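Everything below concerns the one structure shown next.
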Amino acid sequence: MLITLALRNVLRQKVRTGMTLLAIVFGVAGLIVSGGFVADIFVQLGEAIIHSQTGHFQVFKKGYLEQGTRHPERFLITDPVSVVQALESAPQVSGVTSRLSFSGLLNNGKRDLAIVGEGIEPRKEAQLGSYLTITAGRQLDDSDTFGMTVGQGVAQALGLKAGDRVTLVMNTAGGALNTLDMELVGVFQSFSKDFDARTVRIPLHAAQQLMLTNGANLLVVSLHHTDDTDAAYEALRTRLAPGLDIRSWRELSDFFDKTVQLYDRQFGILQLIILAMVLLSVVNSVNMSVFERQAEFGTMLALGNRPPDIFRLLLVENAILGLIGATLGVLIGMAVALGVSAIGIPMPPPPNANLGYVAFIRIVPTTIASAFLIGLVATVLAAIFPARRVASTQIVDALRQGV
């Protein structure tokens, strides 16, 4: 009876109900759209980091992250083939590629530029580096004995173009000076300006020849699905020999975690603003409705209904409004997300990045659930104070409002 009466009252107050529903629907849909947009930023930034630099995991000797940049020759995995085979046996792994890090000077015949280099396996890196764009020339190939690709910043600093000859100067693992003449086959661009401004890539066998070693510094692991990162961590860690360490892409990318923290705080503030907006809108609507219905409530009290019955009636009415508004908000928010995602939103490059991207609005179940609950809870909370005030009104005072 209570629910039936509450539903009739909701349908009877068509204008007031429509205004309240509009505020709820706008708030819930806004949370779903903004939350889906933020989630897409996280996904695209993470995939850009994984598929242009870090892979899903990196395996290296302990201490490499702290000192390996200055002395990569001290942290060589001397038998990378056996470690690669052990890692590739994990079911989540799609591939493992070796990298040999070095630093030195790149000379174009006129001047030098300090660079950080990577010896890579071209075919495997091409599969991993799907977010690495070749802006001039082509990618390295397994047949390139002395080919080189450089970041866009390196090419601009030295005035290089595809087909140019350059000289790479560096120290071997034993400390001797070694040089190698290379042909520039391509210029790449990643999402990071810093990476492009100092990085060159050459075939792994050429880097090993330069450093006079058969080892590698890094083993980069790629997975079939990024969502398997946490599950794959334990499976891979148990396959490592003593003295080796493994880190996930999130541990290797401080920039990603800081970006996530920034947007999470901004989205939290947005949720609070929308919650307050829905609360104020519903409180205003309920107050006006309660004032107009004072005589009705006085009549109910005079017929024997108790004040708690009036309180519960108003709460149920607003719960029905919240359910209808939150449901409509979810449906409209999902429709907007699907419509916008079908078109895409062209975005400029993020801070410290080179490349723009096309953003989408992702449908995230947790965001939808939280938006629905915020719409429902805010509507019910907004009715508590007006309902308590009406329930405590004397019968005579309530009936006088109808005179």
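The values are calculated or read from the model by the stated rules, or taken from the named source; none is laboratory data. Predicted model only: the values in this text are computed from it and were never measured. Cβ atoms come from the backbone with ideal geometry, glycine included; neighbour counts cover every protein chain shown. These accessible areas exclude ligands, DNA and RNA; they are computed on the full protein's heavy atoms, side chains included. Shrake-Rupley method; radii C 1.70, N 1.55, O 1.52, S 1.80 Å.
Residues in the stretch 65-78 that are in contact (Cβ under 8 Å) with a residue 24 or more places away in the chain, out of contact with any Ser or Thr (no Cβ under 7 Å at 6 or more places or on another chain), open to solvent by less than 80 Å² (accessible area, probe 1.4 Å) and closer than 18 Å to GLN208 by Cα: GLU73, PHE75, ILE77.
If only residues of the stretch 202-217 that are among the hydrophobic types (A, V, I, L, M, F, W, C) and open to solvent by 10 Å² or more (accessible area, probe 1.4 Å) are counted, the one that is farthest from GLN189 (Cα to Cα) is LEU212. Taken as a whole, the stretch 259-266 holds no residue that is out of contact with any Pro (no Cβ under 8 Å at 6 or more places or on another chain) and at positive phi. The set of residues in the stretch 139-155 that are open to solvent by 40 Å² or more (accessible area, probe 1.4 Å) and touching a residue at least 12 places away in the same chain (Cβ under 8 Å) comprises GLN139, ASP141, ASP142, THR145, PHE146, GLN152. Look at the stretch 329-346: where a residue is within 16 Å of ILE41 (Cα to Cα) and a partner is surrounded by fewer than 14 Cβ atoms within 10 Å (Cβ to Cβ) and of a type in the set (A, V, I, L, M, F, W, C), sitting 6+ places away or on another chain with Cβ atoms under 7 Å, you get GLY344/VAL358; ILE345/VAL358; PRO346/VAL358. In the stretch 89-102, of all residues being out of contact with any Gly (no Cβ under 7 Å at 6 or more places or on another chain) and not in a loop (DSSP other than H, G, I, E, B), the one that is most open to solvent (accessible area, probe 1.4 Å) corresponds to SER94. Here is the figure for the stretch 153-193: residues that are within 22 Å of HIS51 (Cα to Cα) and hydrophobic (A, V, I, L, M, F, W, C) total 6. Exactly one residue out of ALA136, ALA126 is within 28 Å of the chain's Cα centre (by Cα) and free of Cβ contacts under 8 Å to residues at least 60 places away in the same chain, and it is ALA126. Can you name every residue in the stretch 106-165 that is of a type outside the set (A, V, I, L, M, F, W, C), under 23 Å from THR69 (Cα atoms) and touching a Lys or Arg at 6+ places or on another chain (Cβ under 6 Å)? Within the stretch 106-165, GLU118, THR149 qualify.
Taking the listed residues THR199, THR229, the one that is surrounded by 14 or more Cβ atoms within 10 Å (Cβ to Cβ) and in contact with a Ser or Thr (Cβ under 6 Å, 6 or more places away or on another chain) is THR229, with no other qualifying. When the residues of the stretch 161-196 are filtered to those that are closer than 19 Å to GLY119 by Cβ and assigned to a loop (DSSP other than H, G, I, E, B), the one that is nearest to the chain's Cα centre (by Cα) is SER190.
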